[in-house]
Amino acid sequence: MAGKSPPGRREASRNAHYRSLKAARDDASDCRDCPLWKPATQTVFGEGPARARIMLVGEQPGDQEDLAGRPFIGPAGKLLDRALGEAGIDRRIVYVTNAVKHFKFELRGKRRLHKKPADAEIAACLQWLQSELELVAPALVVSMGASASRALFGRATPIEKNRGRLMDFAPYGQILVTVHPSFLLRVPGPDRAREYDRFVADLRIAARAMK
Ligand code: URA
């Protein structure tokens, strides 16, 4: 389990420009810059090719991601994989990460239920997302949901109003806002298929932009 070593080692490289994703990931593994590290199992850093042209940004790891130490491997990740496939994007060529690198949850009996990260937690974690952006330097960032957009734009950004169009995201090329795949899992019955299709349509815009 990572993230339980004494604090302090990282102080010297705070705000550093890392030479590699591995160096950034190593430092993030003992981050204690907000309280979320304590109940979490480990830091879940992003993964994917170091020179990926597309970076997908979600909110925070969920229960399964927290245990496995990898982003988007649980139910939302499976839905994301399916939608990426339908949009013609191979997940293996994409860098996938989250705005917040620790799982925030509340215990309900034995179940760990997702809790939305606070703005202060998103702000504390921004250093890691910034390192990933700097190192991967993607041509296109796909911002999935409100927390990712809060981190990437530095302010609350309405999803419906901004989704599905390419916007300038200097110095990293462009950004595309869309919903978070977990939202799709919560949409009730008949509307779910329509919302899923809209999500795939947004991802197709990303796919076309990368052709
Ligand atoms: N939701 C996210 O935002 N990220 C994950 O890694 C899993 C679920």
Subject >> Cross-chain or 6+ apart pairs with Cβ under 7 Å, region 87-102 first and modelled with pLDDT under 95, then assigned to a loop (DSSP other than H, G, I, E, B) and more than 16 Å from the ligand (Cβ to nearest atom) >> reply: none
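Filter region 92-142 down to the residues that are among the aromatic types (F, W, Y) and buried (at least 20 other Cβ atoms within 10 Å of the Cβ) and list them by number. Don't jump to the end; show me each part of the working.
Going residue by residue through region 92-142, those that are among the aromatic types (F, W, Y) are 95, 103, 105, 128.
Listed by number, the residues that qualify are Y95, F103, W128.
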**OP:** Keeping to region 141-171, report how many residues are under 27 Å from D26 (Cβ atoms), in contact (Cβ under 8 Å) with a residue 40 or more places away in the chain and not hydroxyl-bearing (S, T, Y).
**Re:** 7
**OP:** Output the number of the condition that G145 fails; it satisfies all remaining conditions of (1) on the phi > 0 side of the Ramachandran plot; (2) open to solvent by 30 Å² or more (accessible area, probe 1.4 Å).
**Re:** (2)
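Counting just the residues of region 160-179 that are charged (D, E, K, R) and outside any helix (DSSP H, G or I), which one comes out nearest to the ligand (Cβ to nearest atom)?
R163
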Original post:
Of the residues that sit in region 60-89 and are open to solvent by 60 Å² or more (accessible area, probe 1.4 Å) and farther than 29 Å from R155 by Cα, which one is farthest from the ligand (Cβ to nearest atom)?
Top reply: G88
Subject >> Sole exception among (1) more than 14 Å from the ligand (Cβ to nearest atom); (2) within 22 Å of A206 (Cβ to Cβ); (3) touching a strand residue (DSSP E or B) at 6+ places or on another chain (Cβ under 6 Å) for E106, by number >> reply: (2)
Original post:
Out of all the residues in region 130-159, which are away from the ligand (no atom under 12 Å from the Cβ) and in a loop (DSSP other than H, G, I, E, B)?
Top reply: A137, P138, A139, G154, R155, A156, T157, P158
Original post:
In region 180-196, what residues are within 15 Å of the ligand (Cβ to nearest atom) and surrounded by 13 or more Cβ atoms within 10 Å (Cβ to Cβ)?
Top reply: H180, P181, S182, F183, L184, L185
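The values are calculated or read from the model by the stated rules, or taken from the named source; none is laboratory data. Predicted model only: the values in this text are computed from it and were never measured. So basically every Cβ, Gly included, is an ideal-geometry build from the backbone, and we count neighbours across all protein chains shown. The protein model used for the area step is the full one, side chains on, heavy atoms only, and it has no ligands, DNA or RNA in it. Shrake-Rupley method; radii C 1.70, N 1.55, O 1.52, S 1.80 Å.
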